[in-house]
Each structure stands twice: as C-alpha cells, then as structure tokens.
1. For residues that are in contact with a Leu (Cβ under 9 Å, 6 or more places away or on another chain) and crowded, with 21+ Cβ neighbours inside 10 Å, scanning just region A:225-235, find the one that is nearest to the other protein chains (Cβ to nearest Cβ).
2. For B:Pro34, only one of the following conditions fails: (1) in contact with a strand residue (DSSP E or B) (Cβ under 9 Å, 6 or more places away or on another chain); (2) surrounded by 14 or more Cβ atoms within 10 Å (Cβ to Cβ). What is its number?
3. Does region A:81-88 contain any residue that is among the aliphatic types (A, V, I, L, M), buried (at least 19 other Cβ atoms within 10 Å of the Cβ) and out of contact with any Asp or Glu (no Cβ under 8 Å at 6 or more places or on another chain)?
4. Would you check if there is a residue in region B:40-51 being under 30 Å from A:Phe40 (Cβ atoms) and within 7 Å of chain A (Cβ to nearest Cβ)?
5. Can you tell me which residue in region A:25-49 is farthest from the other protein chains (Cβ to nearest Cβ), limited to those that are buried (at least 21 other Cβ atoms within 10 Å of the Cβ) and assigned to a helix (DSSP H, G or I)?
6. Is at least one residue of region A:202-211 modelled with pLDDT under 95 and closer than 15 Å to A:His58 by Cα?
7. If I go through region A:189-213 residue by residue, how many of them are in a helix (DSSP H, G or I), more than 9 Å from chain B (Cβ to nearest Cβ) and within 24 Å of the chain's Cα centre (by Cα)?
8. Looking at A:Met55, A:Met72, which is the one that is touching a strand residue (DSSP E or B) at 6+ places or on another chain (Cβ under 9 Å) and surrounded by 15 or more Cβ atoms within 10 Å (Cβ to Cβ)?
Amino acid sequence: MIFQKYAAAKYFYPLAGKCLPWVASLTVITLCAGLYLGLFVAPPDYQQGETVRIMFVHVPAAWMSMFVYAMMAGAAAIGLVWKIKLTDTFISASAAIGASFTLLALLTGSLWGKPMWGAWWVWDARLTSELILLFLYLGFMSLQSAIDDPRRASRAGAILLLVGVINLPVIHYSVEWWNTLHQPASVARVDGPRIHSSILTPLLVMAVAFKLFYINVVLIRMRAAILDNETNSRWLEEQGA
Amino acid sequence: MNWPEFFNMGGYAFNVWGSYLLAVIILGLNIWLPLRRYRAQQKKVRQQHETSS
C-alpha cells in the first residue's frame with residue numbers, strides 16, 4: 001500500500017512536469033485563436049447584437065463548471081474503491097478552478113441577462129441549479145478544510161461529490177423539464193448544433209482553450225501539492241524538484 | 001477596422017468587456033496563485049536538498 005501511494009506521485013510528478021510546457025503553449029495558441037475569432041471574425045447576432053460575444057466566455061465556462069465537477073466526482077468514486085492517493089490530490093486541485101468556472105458562468109450570464117432579459121438574475125431552473133453547483137463546490141471546499149484527518153476529509157468529500165452528481169442532469173435538462181427563461185440547448189443536441197458556424201467555431205475553440213487551461217491549473221496545483229506532501233521523499237531529491 | 005466602434009460593442013461595451021475582464025481576473029488568479037505557490041515550494045525543496053547534501 002505504502003509503496004503504491006508513493007509510486008504514483010513519484011511517476012506522476014515528472015510526467016506532469018514534461019507535459020506542462022506543451023499544455024501551456026497549446027492553451028495560449030487556442031486562447032488567442034478563440035479570442036480572435038470571437039471578437040473580430042464572428043458577426044453580431046441578429047437578435048442579441050454584440051452581446052453574443054459574451055457567449056464565447058459564458059458557454060465554455062458553464063460547460064467547464066459541469067465538466068470539472070464530473071471529473072471530481074469520477075475521481076472520488078475511483079478513490080473510494082481503489083484508495084489511490086493521487087485521486088485526492090487531483091480532486092483538491094480541481095475544486096477552486098471548478099468553482100471559478102461556475103462563478104464566471106453565473107456572472108457573465110448576469111451581464112448578458114441585464115440587456116437581453118431586462119434582469120440581472122431570475123430564479124429560473126437553469127440559473128438556480130447552476131447556483132446550487134457553486135454551493136456544492138464551496139461546500140466541498142469548506143468540508144475539506146474543516147476536517148483535519150486527511151482520510152476522513154477525503155471520504156466525506158467523496159460522498160458529498162457523489163451525492164451532488166444528481167445536480168448535473170438537473171442543470172442539463174432544466175431547460176427542457178421546466179419552462180425557463182434560459183434558452184434550450186443549441187449545441188449539445190441529438191440532431192446536431194443549431195447555430196451558424198461563424199458563432200459555433202469560436203465557441204468550440206474557446207471551449208477547447210478553457211479545457212486546456214483547466215489541465216494547466218490542475219497539473220501545477222498537483223505538482224505543488226506533491227512537493228508539499230513529499231518534501232522529504234528520497235525520489236524527489238534524486239530527481240531534483 | 002473602426003476601433004471606437006469596436007470598443008463600443010453596439011452600446012453593450014460594459015456587458016461585453018465586463019465579461020471578458022471578469023474572465024481575465026478570475027482565470028488569471030487561478031493560474032497566478034497556484035504558480036506562485038508552486039515556485040515557492042520548488043525553491044523550498046531545493047534549499048532543503050542543498051542543506052542536507
């Protein structure tokens with residue numbers, strides 16, 4: 001057991017270090033491409049006007065808010081079954097960035113909602129379930145910091161994450177199940193996307209950029225956490241941090 | 001390219017640029033703070049190895 005948990009960090013640490021510069025460069029490239037397409041190439045929408053450009057931040061952030069949560073919950077399930085220490089490191093590294101994407105989706109949605117709906121906020125099913133997602137992230141983070149014993153903290157956190165998974169389909173189908181002010185899905189549809197490629201392309205490029213950004217953050221945070229946990233490990237000394 | 005028109009965003013400058021500014025601040029903090037901690041951690045580990053060897 002002890003060998004297993006150290007071995008994982010021992011192999012992960014240099015691997016993450018090798019990946020980082022590549023992931024970082026790809027992030028910068030896709031982010032620049034996405035911003036260029038979104039701000040300069042995409043035409044204003046016939047209904048939303050220039051506010052459609054908010055979507056290039058809002059939609060990828062909202063997707064990421066759910067994606068990161070799903071990754072954390074998946075890692076929590078794996079961690080509960082196989083007791084791999086690295087899953088805890090991964091989950092802790094993901095929490096803050098996941099919460100940040102959720103907050104960004106809510107705030108940019110608000111900035112879009114004011115001119116388009118006439119309200120900063122409405123208690124619509126989509127907005128409310130996304131707000132619950134933010135509370136799930138914050139609840140997870142405070143739970144982790146409240147429990148001193150790392151094993152108990154990871155178990156309690158995993159249970160919270162797994163129970164909260166129920167909110168993900170609620171967010172996704174909220175626009176179908178309830179009569180919401182928020183528009184229904186126009187990209188992730190069974191019959192294919194319903195928006196023009198001039199808007200869809202920057203949206204997807206930004207979504208890739210946000211995903212790469214997330215990988216960057218997680219790799220850095222995981223390496224920092226490993227350095228923190230294993231300051232005195234011999235393998236770290238042999239590798240030269 | 002008409003820059004004043006570009007920055008005006010059809011009268012929605014506050015909302016559009018506000019969104020992008022929030023993205024820069026929120027995502028920026030998410031990379032800057034961990035990177036700072038990571039660098040400090042690396043420095044600490046290196047110093048420890050130097051003193052022990």
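1. The initial filter retains those residues of region A:225-235 that are in contact with a Leu (Cβ under 9 Å, 6 or more places away or on another chain), namely A:226-227, A:230.
Restricting the remaining residues to those that are crowded, with 21+ Cβ neighbours inside 10 Å gives A:226-227.
Working: A:Ile226: 9, A:Leu227: 4 Å.
Only one residue fits best here, namely A:Leu227.
2. Just one mismatch for B:Pro34, condition (1).
3. As a first pass, look at region A:81-88 and keep what is among the aliphatic types (A, V, I, L, M): A:81, A:84, A:86.
Cutting the leftovers down to buried (at least 19 other Cβ atoms within 10 Å of the Cβ) gives us A:86.
Restricting the remaining residues to those that are out of contact with any Asp or Glu (no Cβ under 8 Å at 6 or more places or on another chain) gives A:86.
So far as region A:81-88 goes, yes, one or more of its residues are among the aliphatic types (A, V, I, L, M), buried (at least 19 other Cβ atoms within 10 Å of the Cβ) and out of contact with any Asp or Glu (no Cβ under 8 Å at 6 or more places or on another chain).
4. Let us first name the residues in region B:40-51 that are under 30 Å from A:Phe40 (Cβ atoms), namely none.
No: region B:40-51 contains no residue that is under 30 Å from A:Phe40 (Cβ atoms) and within 7 Å of chain A (Cβ to nearest Cβ).
5. Initially, region A:25-49 is screened for residues buried (at least 21 other Cβ atoms within 10 Å of the Cβ), giving A:27, A:34, A:38, A:42.
The next check asks that each one be assigned to a helix (DSSP H, G or I); those that pass are A:27, A:34, A:38.
Working: A:Thr27: 9, A:Gly34: 11, A:Gly38: 9 Å.
Per the stated criteria, the residue is A:Gly34.
6. First pass over region A:202-211, keeping only residues modelled with pLDDT under 95: none.
For region A:202-211, residues modelled with pLDDT under 95 and closer than 15 Å to A:His58 by Cα: absent.
7. Restricting attention to region A:189-213, the residues satisfying the condition of being in a helix (DSSP H, G or I) are A:197-213.
Those left that are additionally more than 9 Å from chain B (Cβ to nearest Cβ): A:197-209, A:211-212.
From what is left, the residues that are within 24 Å of the chain's Cα centre (by Cα) are A:199-209, A:211-212.
Selection size over region A:189-213: 13.
8. Details: A:Met72 fails: touching a strand residue (DSSP E or B) at 6+ places or on another chain (Cβ under 9 Å).
Step by step, each of A:Met55, A:Met72 is checked, and only A:Met55 is touching a strand residue (DSSP E or B) at 6+ places or on another chain (Cβ under 9 Å) and surrounded by 15 or more Cβ atoms within 10 Å (Cβ to Cβ).
The values are calculated or read from the model by the stated rules, or taken from the named source; none is laboratory data. Source: prediction; values computed, not measured. Don't worry about glycine lacking a Cβ; one is built from the backbone with ideal geometry, like all the others, and counts go over all protein chains shown.
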